[in-house]
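For reference, the structure is listed below as structure tokens.
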Amino acid sequence: MTASAVEIQSRTLAGYADASRLRQVHDRDWVLDLFPDDPRSLVDLGSGIGQLLQAALERFPSLQLAAGLERSEHRIAEAADRLRPYGARTVLHQADLTDPEALPLRPDVVTMTSVLHWLFPHEERVFAWVGRHLAPGGRFLLTTYHPARDEHGLGGEDEIVRDALTALGADRGEVPGLFARAGTLPIATRTRTADDLARVLRPHLAVAGHLERDAVVTVDSAEQYAHFHAATFGDYYSRLVPAGQRADFFRAVGESAWQRQNERGHVSRMPVRLWQLTTP
Ligand SMILES: C[S@@+](CC[C@H](N)C(=O)[O-])C[C@H]1O[C@@H](n2cnc3c(N)ncnc32)[C@H](O)[C@@H]1O
């Protein structure tokens, strides 16, 4: 794939089905394993291209309705294609989860995987929405990522971007200032600590338990990582550089990741928590 194709991909968040095999797909199976027996209705928040909804419909014939809420129209269109064979068992709503509208749904399962950091600092609004919509005794299964962060709040993907910007000529120490001036909040700041999240959750939901695993991303080439970055983060970080440098930016992100892969045997490793939440 040429760099300009990656730029186009980042604008539409395309290629997620392939890219998500590197990280997000593992959340999906982990979460499905914790569904109750014979669930009747499911709402997936930030449903992306509909992969979790499809997997749930296949695995649980008892599901009468599997609904997705998602902001990106590109992703909703891809999900609609994927879910067409399930007919009236599925519905997709375009929604902004930082300000979710009330819906006439009373699901016994709600899921949200690899989404919460995008809602910072307004996560409480989606927790309140779940608290109001979840059927009594229902389950909310939520995955959250917790990269280590430095004194500037950078960590996880921010580190790879910092390496890429440095390779493109930025002074390493200036990178946090670059983020601040562009209004790009570091992902490691968006991903609150588990304790901080527990405090935000508490008024709306009860914690029934949690599991933890390490998400380890490995790649076979620089191009594969550039593709993953564009499909996952879109143009969130590429806006840090002028339009004329964006093709170089995606190339540099891929090369930084590939260097880490060769030095460490992986590109990144970070703890992920699967929260099992219920109505209070
Ligand atoms: C990393 S993807 C995860 C998709 C899917 N849940 C999965 O696990 O593969 C994050 C998704 O959250 C969606 N998203 C981000 N901010 C959102 C918002 N404010 N409202 C609704 N959806 C949002 C994105 O469009 C994207 O589809």
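The values are calculated or read from the model by the stated rules, or taken from the named source; none is laboratory data. What you see is a predicted model; the values in this text were computed from it and never measured. Backbone-built Cβ (ideal geometry, glycine too); neighbour counts: all protein chains shown.
Of all the numbered requirements in (1) within 12 Å of the ligand (Cβ to nearest atom); (2) under 20 Å from Leu134 (Cβ atoms), Leu42 misses one, and that requirement is (1).
The residues on offer are Ala198, Ala222, Ala194, and the sole one that is free of Cβ contacts under 8 Å to residues at least 24 places away in the same chain and either surrounded by 13 or more Cβ atoms within 10 Å (Cβ to Cβ) or out of contact with any Pro (no Cβ under 7 Å at 6 or more places or on another chain) (or both) is Ala198. Among the residues of segment 85-111, the ones that are away from the ligand (no atom under 14 Å from the Cβ), outside any strand (DSSP E or B) and closer than 25 Å to Asp37 by Cα come to 10 in all. Residue count for segment 255-273, restricted to those that are touching a residue at least 60 places away in the same chain (Cβ under 8 Å) and not basic (Lys, Arg): 9. List, please: which pairs have Cβ atoms under 7 Å, are six or more places apart or on different chains, and start with a residue in segment 102-117 that is farther than 14 Å from Leu63 by Cβ and end with one that is of a type in the set (D, E, K, R) and more than 8 Å from the ligand (Cβ to nearest atom)? So the pair list comes out as Leu116/Glu123; His117/Arg190. Quick one: which residue in Ala88, Ala79 is among the aliphatic types (A, V, I, L, M), touching a strand residue (DSSP E or B) at 6+ places or on another chain (Cβ under 7 Å) and over 24 Å from Ala128 (Cα atoms)? Every option except Ala79 fails the conditions. Consider segment 122-173. How many of its residues are in contact with a helix residue (DSSP H, G or I) (Cβ under 8 Å, 6 or more places away or on another chain), under 30 Å from Ser41 (Cβ atoms) and of a type in the set (Lys, Arg)? Number satisfying all stated conditions: 1. Would you confirm, using the coordinates I've provided, whether Ser114 is assigned to a loop (DSSP other than H, G, I, E, B) and under 22 Å from Thr143 (Cβ atoms)? It is true that Ser114 is assigned to a loop (DSSP other than H, G, I, E, B) and under 22 Å from Thr143 (Cβ atoms). Among the listed residues His133, His122, identify the single one that is of a type outside the set (A, V, I, L, M, F, W, C), over 30 Å from Arg260 (Cα atoms) and within 19 Å of the chain's Cα centre (by Cα). After ruling out the rest, the residue left standing is His122. Scanning segment 225-243 for residues that are touching a residue at least 60 places away in the same chain (Cβ under 8 Å) and assigned to a loop (DSSP other than H, G, I, E, B) yields a total of 4. Residue count for segment 204-219, restricted to those that are surrounded by 14 or more Cβ atoms within 10 Å (Cβ to Cβ) and either more than 29 Å from Leu134 (Cα to Cα) or without any contact (Cβ under 8 Å) to a residue 60 or more places away in the chain (or both): 4. Kindly establish whether Gln9 is part of a helix (DSSP H, G or I), modelled with pLDDT of 95 or more, within 20 Å of the chain's Cα centre (by Cα) and not β-branched (Val, Ile, Thr). When the stated conditions are applied, Gln9 does not pass them.
Condition first: touching a helix residue (DSSP H, G or I) at 6+ places or on another chain (Cβ under 7 Å), at pLDDT 95 or above and either outside any loop (DSSP other than H, G, I, E, B) or hydrophobic (A, V, I, L, M, F, W, C) (or both). Now tell me which residues in segment 53-78 satisfy that. Leu53, Gln54, Ala55, Ala56, Leu57, Arg59, Leu63, Leu65, Ala66, Gly68, Glu70, listed by residue number. Assessment of segment 20-30 against the conditions (away from the ligand (no atom under 13 Å from the Cβ) and not hydrophobic (A, V, I, L, M, F, W, C)) yields no matching residue.
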